[in-house]
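Enquirer: Structure below; questions to follow.
Where a number appears in this text, it was derived from the coordinates with a stated rule and is not lab data. Being a predicted model, the structure only gives us computed values, none of them experimental. Here Cβ is always computed from backbone atoms with ideal geometry, including for glycine, and neighbour counts include all displayed protein chains.
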Amino acid sequence: MTDRRETTGAAAKLVLRASQSRLVADGQDVSSVTIEVQDAQGRMVPTAGNKLSFKLSGAGKIIGVGNGDPGCHEADKPDSPDAATRSAFNGLCLVIVQASKKAGTIEMEATADGLESAKIVIQSNEVKLRPAVA
């Protein structure tokens, strides 16, 4: 058995991972999208604190962003349902995406100055809505 530790290179790209790749279009279902800052070899850069920007289009909205830094004073709730910004903390950031009541595709793009951007697609599937008072 061996254990290997490698020093990462400079931050080079963003990688997105969704907790759910399929949502139900009920206006309540959510997916947590983790954004990881990686070097050119695909290793997470644990010292990265890049300012990240997010744009969302399609059948959903951004309802929250976070980075796990208890000393961060950036807003957790974005001003816009389709755009947000947040600094990475220890190479990570999180965006909460909520499905609308309309089925379709939700596409999110993450960008940062000097880094390769990334996109992710989440499918929102039609569902029979529960009766509710509007």
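Enquirer: Please check which bits of the stretch 54-84 a label hung off Gln28 would reach, taking the label as a point 7 Å along Cα-to-C-beta and the cut-off as backbone N under 18 Å.
Expert: 60-61, 63
Enquirer: Something else about it: Per residue of the stretch 59-74, in order, report the coupling 6.51 cos²θ - 1.76 cosθ + 1.60 (Karplus, θ = phi - 60°) as ³J(HN,Hα) in whole Hz, putting x for Gly and Pro.
Expert: 8, x, 8, 8, 10, x, 9, x, 9, x, 8, x, x, 7, 10, 6
Enquirer: Could you give P(r) for the chain, binned at 5 Å from zero, as whole percent values over all Cα-Cα pairs?
Expert: Once binned at 5 Å, the Cα pair distances of the chain give 2, 11, 20, 20, 16, 13, 8, 5, 3, 1, 1, 0, 0.
Enquirer: Also, quick follow-up: Given charges of +1 on the Cβ of Lys and Arg and -1 on the Cβ of Asp and Glu, with all other atoms neutral, how large is the dipole of the chain about its Cα centre, in debye to the nearest 20?
Expert: Details: 16 positive and 16 negative charges, 77 e Å.
The dipole of the chain has a size of about 380 debye.
Enquirer: Still on this structure: Contour minus end-to-end for Ser57 and Glu74, with contour as 0.36 nm per residue of separation and end-to-end as the Cα-Cα distance?
Expert: On the way: separation 17, 0.36 × 17 = 6.12 nm, distance 2.28 nm.
Length difference between fully extended and current span is 3.8 nm.
Enquirer: What's the FRET efficiency of Met44 with Gln123 using the Cβ-Cβ distance as r and R₀ = 25 Å, to the nearest 0.05?
Expert: After rounding to 0.05, the efficiency reads 0.40.
Enquirer: Moving to a separate point now. Using modelled amide H (1.01 Å from N, peptide plane; none on Pro or chain starts), what sits under 5 Å from the amide H of Val127, excluding residues fewer than 5 places away?
Expert: Ala25
Enquirer: Please give the length that would be gained between Arg130 and Ser19 if that part of the chain were fully extended, namely 0.36 nm times their separation in residues minus their C-alpha to C-alpha distance (nm, one decimal).
Expert: 37.5 nm
Enquirer: For an R0 of 22 angstrom, estimate the FRET efficiency from the Cβ-Cβ distance between Glu6 and Asp113 and round to the nearest 0.05.
Expert: 0.30
Enquirer: Quick check on my link table: of Lys55/Lys102; Lys51/Lys77; Lys51/Lys119; Lys61/Lys128; Lys13/Lys101, which ones sit more than 25 Å apart, alpha carbon to alpha carbon?
Expert: Going by Cα-Cα distance, Lys13/Lys101 fall outside the 25 Å limit.
Enquirer: Also, I was wondering about something else. Sort out for me the Cα centre separation of the stretch 79-110 from the stretch 8-53, rounded to whole Å.
Expert: 10
Enquirer: Can I ask one more? Give a quick list of trypsin sites (Lys or Arg not before Pro) in the stretch 36-134 that DSSP marks as loop, anything other than H, G, I, E or B, with at most 10 other Cβ atoms within 10 Å.
Expert: On the way: sites: Arg43, Lys51, Lys55, Lys61, Arg86, Lys101, Lys102, Lys119, Lys128; in loops: Arg43, Lys101, Lys102, Lys128.
Passing sites in the stretch 36-134 are Lys128.
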